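Written out below as structure tokens is the structure these notes cover.
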Amino acid sequence: MAEKTTAAPRPAPLPAELDAGAEDSTIRPFTVEIPEADLRELRARIAATRWPDKETVEDDSQGVPLARMQDLARYWLTEHDWRKCEARLNAVPNFITEIDGVDIHFIHVRSKHEDALPIVVCHGWPGSIVEQLKLIGRLTDPTAHGASASDAFHVVIPSMPGYGFSGKPKSTGWGPERMAQAWDQLMKRLGYSRYVAQGGDWGAFVVDQLGLQAPDGLLAIHTNMPATVPADVDKASQAGEPPPANLSADERRAYEQLLRTYRQVEYARYMAARPQTLYGITDSPLGLAAWLLDHNDADGQPAAAVLAGLDRTTSANGELTRDEILDNITLYWLTNTGVSASRLYWEYKGGFFNAKGVSIPVAVSVFPGEQYQAPRSWTEKAYPNLIYFNEVDQGGHFAAWEEPEVFSHELRAAFRSLREWSLS
Amino acid sequence: MSTTVGTATGIQPFNIEIPEERIDDLRRRIATTRWPSKELVEDRSQGVQLATLQELSRYWADDYDFGRIEARLNALPQFTTVIDGVDIHFIHVRSRHEDALPLIMTHGWPGSVIELLETVGPLTDPTAYGGTPEDAFHLVLPSLPGYGFSGEPKEVGWDAGRTAQAWAELMNRLAYTRYVAQGGDLGAIVADVLGRQAPEGLLGIHMNLLVTTLGAPTPPPGDTEEERAALDAINTFTTSGFGYFLEQSTRPQTIGYSLLDSPVGLAAWLLDHDTDSYYKISGAFVDGEPVGNLTRDNIVDNITLYWLTGTGASAARWYWELGQAQAKAHAAGQAPPDASLPVGFTTFPGEIFRAPRSWVEKSYPNVTYFNEVERGGHFAAWEEPELFSDEVRAAFRSLR
């Protein structure tokens, strides 16, 4: 990693400038340059992996199977090329700026269409900015992707504190609430006085918090993991009770999906309780890889879409590939963020999918492979100012990564009415 | 590790021999540990603290005598025997008092036979420890399947029920027709199940963890101050200290990759049990002030045993089996049979919760011994081996 400060060197601050509230708001260009020694060390560790015995089952029910991990290790060691990922990252403008005491890394790509809509796109766990890279061209340059100039976005993709190239917080308090404040500050620092926000997974928690905070200039949010569950249903589902009697067919399906999800989130409960104890994911590349891979979607744990990606070596239309999955894992490894990323679960004390009371304009895309398929009925109640609701027929928990084409289409459609409204 | 001469009973003497290169590899891995940033809090609320683990790691690599495990275990008669398809390792020490009472004692997680070594003297040779010949035991200390020098099951189904059956078979092979059983932690689960299975010859059981109330479908009563305090303690444990249980009972293979590949990752995972034992162990490293027998060497012996036998994942899998068995029992809607034979119980003050006598009597119809002692925690046999041995003697005295 190397930072290039293009701004003129700042003189040493005078004592008068050293007041407690002062923060360096410089935006510094950033280039990803991992030292070769770090890559050599990673390869040496992969090669020296000491393996457990095979699981005693023939499926995924005890965790990521040994054969899967050994196959991944072989590919990671002999074929995966981090420098290609680095080149992809450096092909877009990266920056770092300090917000609220923490260095925030972000990608910022302005559309050539000047009146494009600014959007901040928020990743989740076990993801990173690597999940969002395929959106950038589609969102900033829509005319090259079969959409119209009026669909263009100026795209900002920050790394959450403790993730990727952002700094690691040194004190507690960096939950989604504080991240929401930071992302608003970031957009304003970039000169965007009107913008929208998007998120899935933890990013969905962050945009919900943005919606609750409703800062000046935030026009709307889009979420692909909406929090819509009514309080009484939320309580029943958390307790694992049978579906309440009054549910519609859609709601009943969602309820069953929630029950399934709550049986697959022990990783989240673990990180919420004991993030620091995961020393092994900091010290073992395969330990880290297994931990990151074992996130569920509607079709399995590990996520069926990710397992399909692991089997895919080439991609014609942006489908998830093995290289991308390893890019993401390698990013966690090289930035040593396994534990610092886990701490986000510890920070958050709120509910999972319960309606949070967001009253600003909200757009929702429901992907079939998501933790649960939010029914329109719940969504309308949870987000009374619902400006867009659509159920798509492909894509899952990692929607932007799995289906960048569908996902980009959703974002264009989701915010279209807003542009008409805001331009009029 | 090597096995030698077979015998007619299928019991083979066993001696540990650890190849030097495995120690070298372990040392090298400890020395090249890559660390996370420090936790953001000043207590254990985010997990094992960096300073504790760094001091443990320094001690492990620089000061620890890697010959200890071999010396301590090989000083005792060890054996293996195949039961139900799995190689079972056990220590077997006969008392010189011929009419001693045979006792099978089971370790837990994150423990091993290492936890129980300091009880061998007091239990088998009581007169050397202030007891009488009438207090003597013939002692059998097996390693749970998937733990230590026992084999790893290659198939599912090795839950507490099957383990208990294997222990009965082991005692049978050792020609003990009358015996008692003891356990804490997972060992208490095995003892509890043995009590319910009531194999021929089993006279009684003693436990130091009340397993009937952890994960019970209906919580025990909170009518007295003592009961309410115990309920609070259980609640604290299940909300903040239960992470290892959840992970191991659902995804043992996933965490297994870290536990097999990173010694320090393994050490942290094994240290992160209950609050009481964590601070005692942390104190031994950070402040140089061990509590009871929880010394740096004893702690590192246990971790090193897990590392050298490569059993982080297979030990975790025991919880997966436990989860499967519980789910099956829950689905069947059938309560297990009562343990109607004599039950002894000791409450140690530092345990996850202090089991009140009322709960013990509600769990077992035939409680013949109950006592609450002054010292000791979750790893009672490890921390306070003599006090613990006194309790085991007292608990079984009426059965001789």
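Only the coordinates and a few stated rules stand behind these numbers; no lab work does. In this text, all values refer to a predicted model and were calculated from it rather than measured experimentally. As a convention, Cβ positions derive from the backbone with ideal geometry for all residues, glycine included, and neighbour counts pool all protein chains shown.
Once the Cα gyration tensor of the stretch B:5-399 is found, what semi-axes does its equivalent ellipsoid get, as square roots of 5 times the eigenvalues, in whole Å, sorted largest first?
On the way: eigenvalues 177, 135, 91 Å².
Taking √(5λ) for each eigenvalue gives 30, 26, 21 Å, largest first.
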If exposed means GluC sites (Glu not before Pro) lying in a DSSP loop and surrounded by at most 13 other beta carbons within 10 Å, then the longest stretch of chain A lacking such sites spans residues A:115-424
Rounded to two decimals, the Debye log10 I(q)/I(0) of the stretch B:307-389 (Cα scatterers, no solvent) at q = 0.15, 0.26 Å⁻¹ is -0.85, -1.08
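How long are the semi-axes of the ellipsoid equivalent to chain A, from square roots of 5 times the Cα gyration tensor eigenvalues, in whole Å, largest first?
Details: eigenvalues 182, 175, 93 Å².
Equivalent ellipsoid semi-axes, largest first: 30, 30, 22 Å.
Rounded, prolate or oblate: which fits the stretch B:155-265 when a ≥ b ≥ c are the square roots of the eigenvalues of the alpha-carbon gyration tensor, with rounded for a/c under 1.5 and prolate only if a/b beats b/c? Please list the in-between numbers first.
On the way: a/c = 2.51, a/b = 1.16, b/c = 2.17.
Oblate, since a/c reaches 1.5 and b/c is not below a/b.
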Looking only at lysines whose Cα falls under 28 Å of B:Lys154's and that sit 8 or more positions away or on another chain, we get A:Lys54, B:Lys328
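Given C-alpha coordinates of the stretch A:230-322, what is the ratio Rg to Rh with the Kirkwood estimate of Rh? Can you show the working numbers first?
Working: Rg = 17.2 Å, Rh = 15.7 Å.
Checking Rg against Rh, the ratio lands at 1.09.
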Note on the protein assembly as shown: the mean projected area of its alpha-carbon convex hull, in nm², is 37.7
Residues of the stretch A:295-315 with backbone N under 19 Å of the label point set 7 Å from the Cα of B:Ala331 along Cα→Cβ are A:300-301
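Could you work out the helix-only [θ] at 222 nm for the protein assembly as shown, with each DSSP H run of four or more residues adding -39,500 (n - 2.57) and the total divided by the number of residues, to the nearest 500 deg cm²/dmol?
On the way: 33 runs with 346 residues, N = 824.
Value at 222 nm, helices only, nearest 500: -12500 deg cm²/dmol.
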For the stretch A:170-181, in residue order, the Karplus 3J(HN,Hα) values (coefficients 6.51, -1.76, 1.60; θ = phi - 60°; whole Hz; Gly and Pro = x) are 9, 9, 6, x, 8, x, x, 4, 6, 5, 4, 4
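Report the local net charge at B:Ser240: Lys and Arg +1, Asp and Glu -1, summed over other residues whose C-beta lies under 13 Å from its C-beta. Could you put the intermediate results ahead of the total?
On the way: positive: A:Arg269, A:Arg274, A:Lys349, B:Arg44; negative: B:Asp43, B:Asp232, B:Asp272, B:Asp274.
Net local charge, B:Ser240 excluded: 0.
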In the neighbourhood of A:Ser237 defined by beta carbon distances under 13 Å, the net charge of the other residues (Lys, Arg +1; Asp, Glu -1) is 0
Percent relative contact order for chain B, counting Cα pairs under 8 Å at least six residues apart, stands at 18
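Among residues other than A:Pro176 whose Cβ falls under 13 Å from its Cβ, what is the net charge (Lys/Arg +1, Asp/Glu -1)? Intermediate results must be reported in sequence, preceding the final value.
Details: positive: A:Arg178, A:Arg343, A:Lys349, A:Lys356; negative: A:Glu177, A:Asp184, A:Asp201, A:Asp208, A:Glu347.
Net charge around A:Pro176: -1.
Using the structure shown, select from A:Lys134/A:Lys188; A:Lys112/A:Lys381; A:Lys134/B:Lys38 the pairs with a Cα to Cα distance greater than 28 angstrom. Numbers along the way, then the final one.
On the way: A:Lys134/A:Lys188 25 Å; A:Lys112/A:Lys381 38 Å; A:Lys134/B:Lys38 34 Å.
Checking Cα-Cα distances, A:Lys112/A:Lys381; A:Lys134/B:Lys38 exceed 28 Å.
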